[in-house]
1. Just give me the residues in region 286-298 being touching a strand residue (DSSP E or B) at 6+ places or on another chain (Cβ under 6 Å), open to solvent by less than 50 Å² (accessible area, probe 1.4 Å) and under 12 Å from S233 (Cβ atoms), in sequence order.
2. Can you find a residue in region 260-272 that is in a strand (DSSP E or B) and more than 24 Å from A318 (Cα to Cα)?
3. Please enumerate the residues belonging to region 27-56 that are part of a helix (DSSP H, G or I) and modelled with pLDDT under 85.
4. I need a count of the residues in region 127-143 that are in contact (Cβ under 8 Å) with a residue 60 or more places away in the chain, surrounded by fewer than 22 Cβ atoms within 10 Å (Cβ to Cβ) and hydroxyl-bearing (S, T, Y).
5. Using the structure shown, decide if V278 is exposed (fewer than 15 other Cβ atoms within 10 Å of the Cβ) and β-branched (V, I, T).
6. Would you confirm, using the coordinates I've provided, whether T354 is among the β-branched types (V, I, T), surrounded by fewer than 19 Cβ atoms within 10 Å (Cβ to Cβ) and out of contact with any helix residue (DSSP H, G or I) (no Cβ under 8 Å at 6 or more places or on another chain)?
7. Contact list please: Cβ distance under 8 Å, first residue in region 94-122 and more than 20 Å from G31 (Cα to Cα), second residue among the polar types (S, T, N, Q) and modelled with pLDDT under 75, pairs at least six apart or on different chains.
8. Only one residue in A272, A346 is in contact with a Phe, Trp or Tyr (Cβ under 9 Å, 6 or more places away or on another chain) and on the phi > 0 side of the Ramachandran plot. Which one?
Amino acid sequence: MSVQGEDGNVFLTDDIIIREMMEILKSSAVGVKRVHRDLEKRFGKVGDTISVEKPFMTKTAEGRTLTKQPMADQKVPFQITRQRNFGLQFNQRDRTLSIQNFRERYLNTGVMQIGNVIEQSVLAAAVQEAYFAAGTPGTEIDSDLVTDIDGYMTSVGIPEDGMRTGILNVKDGKAIDKEMKGKYNGAMVKQAIERGYMGPISEMQIYRSAMMPVHTVGDHGGTPLVNGASQTSSSLTIDGGTNSTTGFLKKGDRFTIAGVYEVHPQTKVSTAELQKFVVTADVDTNGSGQATIPISPAINDGTLTTTNAAGETVSLEAYQNVSAAPADNAPITVVGTANTTYRMDAFFHKNAVTLAMVQKELPETAPVKARITDEETGLSLSMTAQYDINEDEQIYRVDALWGVKMLQPELAFVAYSAAHGISNTEPLLL
């Protein structure tokens with residue numbers, strides 16, 4: 001509760017302060033509200049890492065004879081890896097400010113930074129970890145491309161259940177806004193200005209965000225070729241690249257392999273589109289132009305296997321994602337011009353990206369301690385404080401603790417847009 005301070009102002013209690021911080025944090029949430037948020041309850045006394053089971057897939061068989069399918073559960077680790085904090089220091093007279101003045105003076109900058117970093121971590125996961133991609137690098141996207149992506153998402157089995165979202169960088173969002181001007185009523189336009197919501201295009205709800213990261217393509221010089229036939233799994237050995245090149249490929253680069261086509265996840269029939277693979281960590285070439293590229297998805301032509309808990313070899317035929325394994329010397333084509341930075345846009349089903357925020361354990365000795373979780377967004381903050389009697393000041397610490405990962409990249413797309421105009425090897429994460 002609050003009490004009256006001098007000049008009739010409200011003396012701000014710790015409860016009022018942390019609730020006001022949550023309101024500020026919520027105001028920066030766009031992508032945070034559109035991703036999967038059901039893992040928080042699985043954390044607690046289990047440490048900072050849990051294993052998440054991916055959806056089980058099976059393969060039906062033709063005819064009267066039963067064909068038994070192996071139980072091949074796919075597990076992915078999910079870890080709480082991010083922590084962000086800021087400190088507040090103010091004297092007791094400052095607590096007699098109005099909440100508006102207190103917010104402007106002390107809260108806005110720090111809490112907004114935390115919110116922006118959380119938002120950007122979600123969008124960075126979408127941009128860096130999705131392997132399906134569309135758009136022409138160097139050409140600004142338009143509403144027709146968004147419609148095409150929506151149809152393409154259907155063609156690769158992404159559910160049409162009202163949970164698809166597109167989040168655009170501000171420049172692309174503004175360009176499409178102008179293109180679509182006059183198609184939405186005044187109330188919707190007002191909402192778009194206030195919350196980043198732009199309205200629907202095709203079956204997707206479209207938003208824009210200033211936190212959308214850009215991507216700088218690796219050097220990828222030479223003539224990269226597959227080095228060795230019939231490679232499967234989550235890495236690919238190549239040769240033919242420029243010798244001794246640091247940053248030959250960058251995390252988030254995408255490429256295709258000649259003759260390796262994507263298949264529909266249920267029918268396993270080729271979609272006639274070359275499968276795109278995303279690079280999951282930076283890659284350098286050796287002195288002979290060779291490299292091993294960590295990739296997603298793992299190449300699976302239907303022959304890939306795994307080992308179950310009993311130590312038995314189990315077929316992953318039901319998880320087949322390409323028409324054929326790559327041939328030796330098959331050319332590799334990287335999306336985008338070498339060393340060029342592009343604006344990026346993300347399109348995904350809600351279950352593609354998972355965000356989990358957990359409440360930080362509060363120290364037993366802190367005289368002031370509080371935690372708050374917003375029911376609508378799942379955002380969570382903790383606050384502790386200590387009083388300095390010599391300076392008559394209160395010192396506050398505010399923390400957010402979270403993890404984010406694209407657990408189902410098969411449910412997401414990215415679009416390459418116009419060149420960004422800067423050279424930056426990082427996704428502009430704060």
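1. Of region 286-298, the ones touching a strand residue (DSSP E or B) at 6+ places or on another chain (Cβ under 6 Å) are 289-296, 298.
Then drop every residue that is not open to solvent by less than 50 Å² (accessible area, probe 1.4 Å), which leaves 289, 291, 293-296, 298.
Across region 286-298, the qualifying residues are I293, P294, I295, S296, A298.
2. Going through region 260-272, the residues in a strand (DSSP E or B) turn out to be 260-263, 270-272.
Narrowing further to those that are more than 24 Å from A318 (Cα to Cα): none.
Checked against the condition, which is being in a strand (DSSP E or B) and more than 24 Å from A318 (Cα to Cα), region 260-272 yields no hits at all.
3. Initially, region 27-56 is screened for residues part of a helix (DSSP H, G or I), giving 27, 31-34, 40-42.
Correct list: S27, E40, K41, R42.
4. Of the residues in region 127-143, 2 are in contact (Cβ under 8 Å) with a residue 60 or more places away in the chain, surrounded by fewer than 22 Cβ atoms within 10 Å (Cβ to Cβ) and hydroxyl-bearing (S, T, Y).
5. Values: exposed (fewer than 15 other Cβ atoms within 10 Å of the Cβ): no; β-branched (V, I, T): yes.
No: the conditions fail for V278.
6. Numbers: among the β-branched types (V, I, T): yes; surrounded by fewer than 19 Cβ atoms within 10 Å (Cβ to Cβ): no; out of contact with any helix residue (DSSP H, G or I) (no Cβ under 8 Å at 6 or more places or on another chain): yes.
Against the criterion (among the β-branched types (V, I, T), surrounded by fewer than 19 Cβ atoms within 10 Å (Cβ to Cβ) and out of contact with any helix residue (DSSP H, G or I) (no Cβ under 8 Å at 6 or more places or on another chain)), T354 does not qualify.
7. Between residues of region 94-122 that are more than 20 Å from G31 (Cα to Cα) and residues that are among the polar types (S, T, N, Q) and modelled with pLDDT under 75, the close pairs are T96/N9; L97/N9; S98/N9.
8. Values: A346 fails: on the phi > 0 side of the Ramachandran plot.
Criteria check complete, one pass: A272.
The values are calculated or read from the model by the stated rules, or taken from the named source; none is laboratory data. Quick caveat: nothing in here was measured; it's all calculated off a predicted structure. All Cβ positions, even for glycine, are placed from backbone atoms using ideal geometry, and neighbour counts span all protein chains on display. These area figures cover heavy atoms from the full protein model, side chains too; ligands, DNA and RNA do not enter into them. Shrake-Rupley method; radii C 1.70, N 1.55, O 1.52, S 1.80 Å.
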